[in-house]
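K.L.:
So that we are looking at the same thing, I have put the structure below in structure tokens.
Nothing in this text is a laboratory measurement; each read-out follows from the coordinates by a stated rule. Just so it is clear, the structure is predicted and the values come from calculations on it, not from any experiment. Neighbour counts are summed over all protein chains in view; Cβ atoms, including those assigned to glycine, are modelled from backbone coordinates with ideal geometry.
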Amino acid sequence: MRLLVKTFLQKPELAAVLLLVLLIVLFQVLSNGIFLSAANLRGVLGLLPEMALVAVGVTLLMICGEFDLSVGSVFALMPMSMAVLMAQGWPFLPSVLVGLMLCAAIGFANGWLTIRFAIPSFITTLGMLFMARSLTVVISGGFPPRLDLERIPEHLFVAFVGPGELIRASFLWFLGLALVVSLLLSRTNFGNWVRATGGFLPAANAMGIPTARVKIACFMICSLLAGFAGMIQVLRVGSPLPSMGEGMELAAVAAAVIGGTVLTGGIGSILGGIIGAVLIRVIDNGLVLSRVDSNWFKFAIGALTILAVVGNAWLRKRGRAMKVEG
Amino acid sequence: MSKIILETRGLTKHYGGVHALEDANFILHDGEHVAVVGDNGAGKSTFVRQVTAVEQRTSGEIIFDGQPVHFSGPLEARQAGIETVFQTLALADDLDVPSNLFLGRELFKFRLGPFSWLDRKTMRDRTLEALKTTAVKIPNIDNPIRNMSGGQRQCVSIARTAAFASKLVIMDEPTAALGVQETAQVENIIRGLKDRGIPMILISHNLRQVFDLVDRIVVFRRGRIVASLRKDETDGNDIVSYITGVKGGSDTAYA
């Protein structure tokens, strides 16, 4: 029993789960039962995949010991490049593929530059944040193209599906991708290598793990997920704005951190990052429903980030200090 | 004498202008246990990092098991049969014991590129076996290494080495951070390797331990090998005078 409690206390996402349950109850009461109504859940769940997919990628990369500040810009660049190509008569699928390849290239550049020149990824991706954002505005020519909705398989991405039409198709994409990344991290050698690389780089090197390749792979996965998430948002909204996704990079880091991922790498879980993203969505929505001035939103996220990190550290310490016989 | 398992000829490593290792000629016979001693910065760890290919040498030759080798990285060295306990232990703090034992050479249920599925159960069983043969006690091997004591971590690292040891074991100060009891445990593992006929290079500052465990002592000083002495033809004072440079001041000695 004590062993169970100990294991539980050391789960990185524990603090976030507790907070989430608490907030859901709180908002349900404050909103007089509207919060958990079907109509509101549709709204919450419909927007969730966009933020959550970015958070999944950022979480993976942070476990690997690196940062990506360029996800917000990639979030805008991918759908913008897709829309521009489609406006020039390209079909949907090739446009998407080109957009995703662009994301992969940016991820590769982030990783390669970081490793080749041994600079902090904070700097590399800060530079990429500006460059990718600028590219987005340049290729849009200042006039964001409208997407021709006729040529988009809407049912595959943004249409409402499922019982009670509670979720959008994008939610299934999100579940699928999150599951894949999660399994990759927890059940494969790649996952072990990511944790070893992020936890203690010299050890991973000494044991012969190709740490450079592992890191670059994580950068690329992160960029791809961010671009894919941006595409989903644009398919939902109908037109790419050059400014979309601004501030997302920090929100994604906040989600990862709230979910128990440690800044120095090694510790964290994909589930934690997702729960962090859900928490942010829940607060966003719950504050409005509770008729709180929505300008308090960022204050709440900030406070939550600090609270979650302090809480996580405390729980982990308690868990470690707990003696288990045997 | 039995065959030569490891030989280095003129092994040299420069870090920019720093000559960390200069013209090291070293021979290790099969089944032989050799200690490498020397002051801090004498080149002992640098020597090990070249042999295990954690770093690439500046020049010189390494002949392992009769073949000149150019390992591209530590994984290749391990695959060739060189197992190492690093000073830093080279453990991944956030992984459990089986994952650490098999780090870089995981066992799979099926292989599919990055989606190669880990065979956790077999890895776990083999880990328990390995710990049993080395008489190391770890209460819960499913815990991340981070939560373990220094001694336990050291034992995991050494159990990993002993379990996979095939042709050559290198230990870089394996008992530097250990208590009396844990040190004795590690020394027992080393004697076990000797009984199994597995050759070993032991880097140590502890001369009592060195004289207890090995057949021959090689002294490094300022990046050079200055002495190679059989245990029965030398004593502690002799070794210390080589380490401090009182004896063998020139650079002519060979191992």
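K.L.:
Between A:His155 and B:Arg126, what is the spin-label point distance in nm, taking each point 7 Å from the Cα along the Cα→C-beta axis?
P.N.:
Simple spin-label model gives 4.9 nm for this pair.
K.L.:
Using Stokes-Einstein with the Kirkwood hydrodynamic radius over Cα pairs, what translational diffusion coefficient do you get for the protein assembly as shown at 37 °C and a viscosity of 0.692 mPa s, in µm²/s rounded to a whole number?
P.N.:
Estimated diffusion coefficient is 123 µm²/s.
K.L.:
I want the antiparallel fraction of DSSP beta bridges within chain B, as a percent rounded to 5.
P.N.:
Expressed as a percentage, antiparallel bridges in chain B total about 55.
K.L.:
Would you kindly calculate the translational diffusion coefficient of the stretch A:88-202, applying Stokes-Einstein with the Kirkwood radius from alpha carbon pairs, for 4 °C and a viscosity of 1.567 mPa s, and quote it in µm² s⁻¹ without decimals?
P.N.:
73 µm²/s
K.L.:
A further question follows. What percent does the relative contact order of chain B come to when contacts are Cα pairs within less than 8 Å and at least six residues apart?
P.N.:
26 percent
K.L.:
Determine by what factor the alpha-carbon radius of gyration of the stretch A:215-313 differs from 2.2 N^0.38 Å, reporting the quotient.
P.N.:
For the stretch A:215-313, the normalised Cα radius of gyration comes out at 1.18.
K.L.:
In 10 Å bins starting at 0, how do the alpha-carbon pair distances of the stretch A:133-288 split up by percent?
P.N.:
So the P(r) values, bin by bin, are 9, 30, 33, 21, 7, 0.
K.L.:
Let me ask something additional. Find the cysteines in chain A that fail to meet the 4.7 Å Cβ criterion with every other cysteine, and list them.
P.N.:
By the Cβ distance rule, which asks for a partner under 4.7 Å, the isolated cysteines are A:Cys103, A:Cys222.
K.L.:
Using θ = phi - 60° and the Karplus relation 6.51 cos²θ - 1.76 cosθ + 1.60, list the HN-Hα couplings for the stretch B:81-87 in order, rounded to whole Hz, with x at every Gly or Pro.
P.N.:
Those phi angles translate into x, 9, 10, 10, 9, 7, 4 Hz.
K.L.:
Please give the calculated 222 nm ellipticity per residue for the protein assembly as shown, where each DSSP H segment of at least 4 residues contributes -39500 (n - 2.57) and the sum is spread over every residue; nearest 500 deg cm²/dmol?
P.N.:
It lands at -17500 deg cm²/dmol.
K.L.:
Could you name the lysines in cross-link range of B:Lys109, using Cα to Cα under 30 Å and dropping any fewer than eight places away on the same chain?
P.N.:
Partners found: A:Lys6, A:Lys11, A:Lys215, B:Lys121, B:Lys132, B:Lys137, B:Lys167.
K.L.:
Could you list the square roots of 5 times each eigenvalue of the Cα gyration tensor of the stretch B:1-75, that is, the equivalent ellipsoid semi-axes, sorted largest first and rounded to whole Å?
P.N.:
Result for the stretch B:1-75: semi-axes of 21, 15, 11 Å.
K.L.:
Dipole size in debye (nearest 20) for the stretch A:11-151 around its Cα centre, Lys and Arg Cβ +1, Asp and Glu Cβ -1?
P.N.:
Dipole magnitude for the stretch A:11-151 comes out near 60 debye.
K.L.:
Tell me the Rg and the Dmax, in Å, that the Cα atoms of the stretch A:158-205 produce.
P.N.:
In Å, with Rg to one decimal and Dmax whole: 16.7, 52.
K.L.:
Consider just the alpha-carbon atoms of the stretch A:190-248 and return their Rg together with their Dmax, both in angstrom.
P.N.:
16.6, 50
K.L.:
Moving to a separate point now. Just how far, in whole angstrom, is the stretch A:166-181 from the stretch B:181-215 if you go by their alpha carbon centroids?
P.N.:
If you average the Cα positions of each part, the centres end up 55 Å apart.
K.L.:
Hey, another quick one. Considering the Cα trace of the stretch B:175-255, what is its radius of gyration and what is Dmax, both in angstroms?
P.N.:
13.8, 40
K.L.:
Still on this model: Summarise the partner chain shielding of B:70-80 as one whole number: the mean count of Cβ atoms from other chains within 10 Å of each residue's Cβ.
P.N.:
Whole-number average of other-chain Cβ neighbours for B:70-80 is 2.
K.L.:
Contact order normalised by length for chain A, with contacts defined as Cα pairs under 8 Å and 6 or more residues apart; what percent is it?
P.N.:
37 percent
K.L.:
Set the Förster distance to 25 Å, then compute FRET efficiency between A:Phe130 and A:Lys298 from the Cβ-Cβ distance, nearest 0.05.
P.N.:
Computed FRET efficiency for A:Phe130 and A:Lys298 comes out at 0.70.
K.L.:
Here is a further query. Just checking the output field for A:257-269: average partner chain Cβ neighbours within 10 Å of each residue's Cβ?
P.N.:
1
K.L.:
Please pull out the direction-averaged projected area of the stretch A:2-321, using the convex hull of its alpha-carbon atoms, in nm² to one decimal place.
P.N.:
Mean projected area for the stretch A:2-321: 17.6 nm², to one decimal.
K.L.:
Read phi for every residue in the stretch A:295-305 and hand back ³J(HN,Hα) as whole Hz from Karplus 6.51 cos²θ - 1.76 cosθ + 1.60, θ = phi - 60°, with x for Gly and Pro.
P.N.:
3J(HN,Hα) across the stretch A:295-305, in whole Hz: 5, 7, 3, 5, 4, 4, 4, x, 4, 4, 4.
K.L.:
Same structure, new question: Placing one identical point scatterer on every Cα of the stretch B:50-204 and ignoring solvent, what is log10 I(q)/I(0) from the Debye formula at q = 0.11, 0.15, 0.19 Å⁻¹?
P.N.:
Log10 I(q)/I(0), no solvent term: -0.45, -0.83, -1.25.
K.L.:
Among all stretches of chain A without exposed trypsin sites (Lys or Arg not before Pro) (DSSP loop, at most 14 other Cβ atoms within 10 Å), which one is longest?
P.N.:
A:1-145
K.L.:
Moving on. Using alpha carbons only, how many angstrom separate the centre of the stretch A:258-274 from the centre of the stretch B:112-138?
P.N.:
Each part's Cα centre sits 25 Å from the other's.
K.L.:
Another question, then. How about B:Lys231: which lysines have a C-alpha closer than 22 Å to its C-alpha, ignoring those fewer than 8 places off in the same chain?
P.N.:
Filter leaves B:Lys3, B:Lys44, B:Lys194, B:Lys247.
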